[in-house]
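The values are calculated or read from the model by the stated rules, or taken from the named source; none is laboratory data. What you see is a predicted model; the values in this text were computed from it and never measured. In this analysis, Cβ positions are derived from the backbone assuming ideal geometry, glycine residues included, and neighbour counts consider all displayed protein chains. To get the accessible areas, we keep the full protein, side chains included, count just its heavy atoms, and leave off ligands, DNA and RNA. Shrake-Rupley method; radii C 1.70, N 1.55, O 1.52, S 1.80 Å.
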Amino acid sequence: MIKTISTTPYGDQKMGTAGLRKKSQTAMQPNYVENFMQSIFNTIGKLDDKTFLVGGDGRFYNDIAIQKIIKMAAANGVKKLVIGQNGFISTPAGSNVILKNKLDGGFVLSASHNPGGPNGDFGIKYSNQTGGQVPSSVTDKIFENTKNIKEYKICDTADIDLSKLGKQQLCGMEIEIIDPVSGYVDMMREIFDFEAIKQLFAKGFTMRFDAMNAVTGPYAVRIFEELLGAAPGSVVNAVPLPDFGGLHPDPNLVYAKELVDLMFSDNAPDFGAANDGDGDRNMILGKKFFVTPSDSLAILTDNFHLIPAYKNGIYGVAKSAATSTAVGRVAQARNIGYYEVPTGWKYFVNLMDSKRITFCGEESFGTGSAHIREKDGIWAVLFWLNIIAATGKSVEEITLDHWQKYGRSYYMRFDFDGLDTTVADKLMADLEAALPKLSGKTFNGYTVSDAAPFIYNDPVDGSSTKNGLVIKFSDGSRIVYRLSGTGSSGATLRVYLEKYEVEKLREDPQQTLKQILEVAMNIAEITPRTGKLQADVIT
Ligand code: G16
C-alpha cells in the first residue's frame, strides 16, 4: 500500500516567524503539502521510534491536509501519531500534549490569526520535542530539502475516521485519537485558583469571550461557562468554522470589532477577551478599557504571587524586542532575569528550557509561561480573572495601579500592508545603512541616543539572529521597524512606537505618539517609498 510518487520542487516553501503560511490556493496545488511534509520527514531522518502530534484550528483545507499527513507519516515509517479528535487541537493544547506525553514533536495546521477559507490562508506549524516550534537552523534545512525534493511516500488507503476516540493502525503505524480539550483543561486547573474565579462569577461578575468562530470555542465553553460558572452565552462565536464565519480571527481592536463595540458601550460586561484562530493569542478588555499586550505582560508578571502555580516565585521574564519596555521595569523592581529576543515565540523556548524565564510575551497579543512552549490565549484570560478574583479590582483599576507604580509606556503598532517585497526590502536595507548617521540628531524635539539593528545572541545555543531596526531617543522613547514574517503574500512593514511617561497617565495614545509617528515616517521615508500616507492597520 506504500507508494513512492515523483514530484517537482516549489521554490517558496520557506517557513516564516511561525511555520509555513500560504494562501489556501497555493497550498492546494498538486503535491504542495506533500513536498513540504516529505522535506520535514527527510530532515528528521530516523522515524521508526518517533511519535508526533497532528491537529489544527479547523480551517479550510485542514481536513484534506491532515489525511495527507497521516498517510505520509505512515508511509515514511513513523511509529505513532497522536491526533486531536476530528483533527482539532489548539496550538497551546498541542504543546501541552507534546510535553506531557514526551512526544517527539507535532504538526499544528494553522495560519494562526490570518483569515481562512478558499481565499484565506493555510499554514503548518512544526514543533519538536520541546513542545515549541523548531529553531531557524532546522527550518533552513527543511527549506533546502524542499528545493531539491524529487519524490514522496504515501500510504494509499481510504481516509482515516478521526471522529472515534481510541487506537487504530495504518500501514504499520499506530494512531491514537485523543480528546483535544480535557488535558488542557486539567492543566489550567492545576495553575489557577478555579474556586476563587468561580466565586467571582457566583457574585454576578460578567464576561464576554469571543472565540471568533475558531478553535478555542470548545475550550472556552468548558472552562468559563461549565467549570467556572460564567453565564451561558458568555462565550460567543463558539463553534469553529472552516472560514471562521468570515471573521478575521485576530484578537485586536480592529478585527475583534463586535467585542470591542460591546466593551466600549454602556452595556459592557465587567470583562472582555478574545483569542485567535489557533488559540495562542489573546486580547484583554475591561469596561470601556483596553489593555495593550505589552502592559498585560508587565501586569501579569508583577502579580505572579496571586496565582497558585507561581506563588513561590518565578525565574525571569522575556519579551520580543518590538514589545514595549514596560515589563523591563517590573523585572528590575522584582529583581528577576530579563531578556529581549527577536519576534517569534520559538526564541523563548531555550530560555524556558534552561529555567531562565517563567513568563514571556509579545506586542502581537501573545502572552504565556513555561507551563508549555507556545503562547496561550486562555491561560492569559484565566490569569486576569484570577487577579480580579484575588484583588476585587476591575481591569481598569488594576492597570491604573500598575501605571501609578511603574509609569506608563504609551505604545502602538502601525502596519503598512500589501507592499511590494522589493520596495519593502530596499526600505529596510537603506534604513539600516542610514542608522549610524542618526545618533545625536534631533527630530521633532526627540534626540536619537542609539540606532542599530536588533541582534540577539542566544545564551543557550550560541546562535545569533538579526531582526528589526531600533531607534532609541534620549527620553526613553523608541521606534522599532521590522517586516512581518507571517504574511502569505507581499510584505507588511510594522512600525512600533513607544513613549514613557510617569505623570501623564491617562492621555490618548495616538495623540501622545503623534510626533514620534511623524519622525518614524520621515526617517524611513515611508510615504515616498510606498505611496502610503498612513498605516493600514493600527493596534
Ligand atoms: C507568530 C509568532 C509570534 C509573532 C507573531 C507576529 O504568532 O509566534 O511570536 O509575534 O507571529 O509575527 P510577525 O510580526 O512576523 O507577523 P502567530 O500567533 O501568528 O503564530
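Ignoring ligands, DNA and RNA, what percent of the 1.4 Å accessible area of the stretch 273-381 is carbon and sulfur?
Ligands and nucleic acids excluded, carbon and sulfur give 45 percent.
Test of understanding: extend the Cα→C-beta vector of GLN129 to 7 Å, then name every residue of the stretch 81-112 with backbone N under 15 Å from that spot.
98-106
I want to check the label-to-label distance for ILE455 and GLN25. Put each point 7 Å from Cα in the C-beta direction and report it in nm to one decimal.
Simple spin-label model gives 4.2 nm for this pair.
What nm distance separates the two modelled labels at SER474 and HIS305, each placed 7 Å from Cα along Cα→Cβ?
Modelled inter-label distance: 3.9 nm.
Less than 24 Å apart at the alpha-carbon level, and either on another chain or at least 8 residues along: which lysines does that give for LYS393?
Once the sequence-local lysines are set aside, what remains near LYS393 is LYS198, LYS203, LYS287, LYS288, LYS311, LYS405, LYS504.
Want the number for ALA429 to GLU525: 0.36 nm per residue separation, take away the alpha-carbon distance, what's left?
Length difference between fully extended and current span is 33.3 nm.
Summarise the accessible area of the stretch 387-539 (1.4 Å probe, protein heavy atoms) by the percent that is carbon and sulfur.
48 percent
About the Cα centre of the chain, what is the dipole size in debye to 20, counting +1 per Lys and Arg Cβ and -1 per Asp and Glu Cβ, all else neutral?
The dipole magnitude comes to about 840 debye.
Tell me what the chain gives for mean residue ellipticity at 222 nm when only DSSP H runs of n ≥ 4 count, each as -39,500 (n - 2.57), the sum divided by the residue total, rounded to 500 deg cm²/dmol.
Result for the chain, helices only: -9000 deg cm²/dmol.
At ASP159 and ALA231, where each label point lies 7 Å from the Cα along Cα→Cβ, what is the point-to-point distance in nanometres?
4.0 nm
Ordered by packing density, taken as the mean number of other Cβ atoms within 10 Å over each peptide's residues, highest first, how do 342-350, 422-430 rank?
Most protected by this proxy first, the peptides run 342-350, 422-430.
Excluding residues on the same chain fewer than 8 positions from LYS102, give the lysines whose Cα lies under 21 Å from its Cα.
LYS102 reaches LYS46, LYS50, LYS79, LYS80, LYS125, LYS167, LYS346, LYS355, LYS375.
For LYS23, go through the aspartates and glutamates and keep the ones whose alpha-carbon is under 14 Å away, minus same-chain ones fewer than eight residues off.
ASP12, ASP121, ASP243
Rounded to the nearest 0.05, what FRET efficiency do GLU503 and GLN67 give with R0 = 45 Å and r taken as the Cβ-Cβ distance? Could you check?
Plugging the Cβ-Cβ distance into 1/(1 + (r/R0)^6) gives 0.15.
Would you mind checking the stretch 510-539 for residues with the amide N under 20 Å from a putative spin-label position 7 Å along Cα→C-beta of LYS437?
Within reach of a label on LYS437, which here means backbone N under 20 Å from a point 7 Å along Cα→Cβ, the stretch 510-539 contributes 519-530.
SER296 accessible area, nearest 10 Å², 1.4 Å probe?
Near enough 0 Å² of accessible area.
Please state the charge dipole magnitude for the stretch 354-489, taken about the Cα centre, from unit charges on C-beta atoms (+1 on K and R, -1 on D and E), reported in debye and rounded to the nearest 20.
So the dipole magnitude of the stretch 354-489 works out to roughly 400 debye.
On a 1.4 Å probe surface of the protein chains, which of GLU397, GLU225, GLU34 comes out largest in accessible area, and what is the full order?
Largest to smallest exposure gives the sequence GLU397, GLU225, GLU34.
Going by average Cβ density within 10 Å per residue, which order do the peptides 66-77, 521-532, 432-443 take, highest to lowest?
66-77, 521-532, 432-443
Short version: ³J(HN,Hα) in whole Hz for each residue of the stretch 46-51, in order, from phi by Karplus 6.51 cos²θ - 1.76 cosθ + 1.60 (θ = phi - 60°), x for Gly and Pro, what are they?
5, 10, 6, 10, 9, 10
Antiparallel DSSP bridges in the chain: what percent, to the nearest 5?
70 percent
Distance between the C-alpha centers of the stretch 502-539 and the stretch 384-462? Whole Å please.
12 Å
Give me the 1.4 Å probe accessible area per residue for the chain, excluding ligands and nucleic acids, in Å².
38 Å²
Which cross-chain or sequence-distant (5 or more) residues have an amide H under 5 Å from the amide H of ASP121, H modelled 1.01 Å from N in plane?
Result for ASP121 returns SER24, GLY116.
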